Amino acid sequence: MAFALNTYPITYRSQFSEGKWKGGYLEKPHKTPEEEAALGVEDRAKLENSRNCYDDMPLVNYTSQYGLACFEGLKALPQKNGGLAIFRPDQNAARFARSMEGLCMPVFPQETFIEACVQTVKRNAQLGFYTRYNSDWEKDSYMSADSVYIRPFTMGEGGIGVNLSSEPYVMIINTPVSAYFKEGRSDAIVTNKVRANPNGTGWIKACSNYVISALAKSEALKAGYMECVYLDAVERKYIEEGSSCNIFFYLKSGELVTPELGDTILPGITRASIIELARDKGLKVSERKISIDEAMEEAKECFVSGTAAGATPLTSLTYNGKKAVFNNGNVGELTAEIRDTLKGIQYGKLPDTKNWLVQVL
Ligand SMILES: *Cc1c(COP(=O)(O)O)cnc(C)c1O
């Protein structure tokens, strides 16, 4: 399973109250990883439930009632040299701060964010809860690789009237994660749902944005596709994103295009990293509008990008009953190269010349 709810024992929690963030680490019920692996289904479920429940937190709050919240997602990756390292946590810290600001919450300090990400991963690892490097992953370019997923998120304080959150919680949990997309299916379809409207929250990693994502993605899966692609809300013409990923098109002209950032597009850290890596390779990379017609006619490769997706090829795109197949349905050369470079850096197989990794172990 891509995202198992198998939270590691150490979590972090902070709350803004009396003008300050007051945080600390919690050690939830656990045994050793080996003992836990040997548990029967029922005992395992009981343990996982106890790890996921916080009896002292308010159930009726601005998040559970009105979806007012934001989150982050980043990974600690097992390193070829045996260590464990987090990919660009400073970028997630900065985006989390922007998201909270965008939701008019008191902003969580960026240094505390990074420190708490490092510490949860480190403390869980010290209890034996982490993923070890496996050299078999190199054979499929880390497509089958596991890692530790770090999920920081906000939760509103107790409240029932529609309101902003002035005393939010910030939580950080860790969970193991493997490949996000099912292998062997990479057809995408343009959805008629609108993910983000101008002057809305599309640029914020807001929980509420994911309602549309979940609906559109489930429609796509039911129709036999792996992914859906959104068009802009106004002209219904320009490509915006995948269901929860940014998107790139490698055109026949040799230009690599990704939609320009605006208030309806989430500024992905994988997106920014790929742009930098592709420019380093000497590619012409454009952040600009790309229409669905241009993409279907001119693209020879297409991939989506995100922490969970890495760089995952889309081998076809269907729109209004028309299907454009990229690279004869095979993973394109540039897509593979970018994926290999990104994964190589992330798993410590290639040198981290940009200092993107923060070592934990
Ligand atoms: C998180 C997210 C992405 C990808 O961001 P990364 O920082 O690369 O993980 C893209 N689109 C949406 C809508 C997202 O929520």
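The values are calculated or read from the model by the stated rules, or taken from the named source; none is laboratory data. Since the model is a prediction, treat every value here as computed from it, not as a measurement. Methodologically, a virtual Cβ is constructed for each residue, glycine included, from the backbone with ideal geometry; neighbour enumeration extends over all protein chains shown. For the accessible areas, the whole protein counts, side chains as well, though only heavy atoms, and no ligand, DNA or RNA atoms are used. Shrake-Rupley method; radii C 1.70, N 1.55, O 1.52, S 1.80 Å.
Before moving on, here are some points about what is shown:
- DSSP beta bridges in the chain [antiparallel fraction, %, rounded to 5]: 85 percent
- A 1.4 Å probe, protein heavy atoms only, puts the accessible area of Phe129 near 10 Å².
- Whole-percent carbon and sulfur share, accessible surface of the range 205-361, 1.4 Å: 49 percent
- For the range 282-361, the dipole from Cβ point charges (+1 on Lys and Arg, -1 on Asp and Glu) about the Cα centre works out to 160 debye, to the nearest 20.
- For the range 273-334, averaging the sequence separation of C-alpha pairs within contact (under 8 Å, six or more residues apart) and dividing by the residue count gives a relative contact order of 23 percent.
- If you take the Cα centroid of the range 102-127 and the Cα centroid of the range 191-219, the two points sit 26 Å apart.
- 10 Å binning of all Cα-Cα separations within the chain, expressed as whole percents from 0 upward: 5, 23, 32, 26, 11, 1
- Probing with 1.4 Å while keeping every protein chain in the model, the per residue accessible area of the range 1-141 equals 49 Å².
- Helix 110-126 vs. the chain, principal-axis angle (Cα, 0 to 90°, nearest 10): 70 degrees
- For the chain, the Cβ-based charge dipole about the Cα centre amounts to some 180 debye (Lys, Arg positive; Asp, Glu negative; other atoms uncharged).
- Whole-Å semi-axes of the ellipsoid equivalent to the range 207-361 (Cα gyration tensor, √5λ, descending): 25, 18, 15
- Per residue, the accessible area of the range 195-289 comes to 40 Å² when a 1.4 Å probe rolls over the protein heavy atoms.
- Trp21 - accessible surface, heavy atoms, 1.4 Å probe, Å² rounded to 10: 50 Å²
- Area projected by the alpha carbon convex hull of the range 1-93, averaged over all directions, nm²: 9.1 nm²
- Oblate is the label for the range 102-205, because the ratio a/c of its alpha-carbon gyration tensor axes (a ≥ b ≥ c) is 1.5 or higher and a/b is not greater than b/c.
- Tilt relative to the chain, helix 209-222 - C-alpha long axis, 0 to 90 degrees, to 10: 60 degrees
- For the chain, the longest principal axis of the Cα atoms and the long axis of helix 269-280 meet at an angle of about 50 degrees.
- Of the residues Val285, Val107, ranked by 1.4 Å probe accessible area with the largest first, the sequence reads Val107, Val285.
- Part-to-part distance (alpha-carbon centres) for the range 226-295 and the range 27-52, which is given in Å: 42 Å
- Value in Å of the Kirkwood radius, where the range 259-339 supplies the Cα pairs that are averaged: 13.6 Å
- In the context of the full set of protein chains, residues of the range 319-361 present 56 Å² of accessible surface per residue (probe radius 1.4 Å, heavy atoms only).
- This model, with +1 at the C-beta of Lys and Arg and -1 at the C-beta of Asp and Glu, gives the range 78-167 a dipole about its Cα centre of some 200 debye.
- Per residue, the chain reaches -8500 deg cm²/dmol at 222 nm when only DSSP H runs of four or more residues are counted, each adding -39500 (n - 2.57).
- Using alpha carbons only, the radius of gyration of the range 129-282 set against its Kirkwood radius gives Rg/Rh = 1.00.
- Length-normalised contact order for the range 44-106 - Cα pairs under 8 Å, 6+ apart - percent: 24 percent
- Within the accessible area of the range 40-134 (1.4 Å probe), percent carbon and sulfur: 49 percent
- Neighbourhood net charge (15 Å Cβ-Cβ; Lys/Arg +1, Asp/Glu -1) for Thr175: +2
- Heavy-atom accessible area order for Leu357, Leu317, largest first, 1.4 Å probe: Leu357, Leu317
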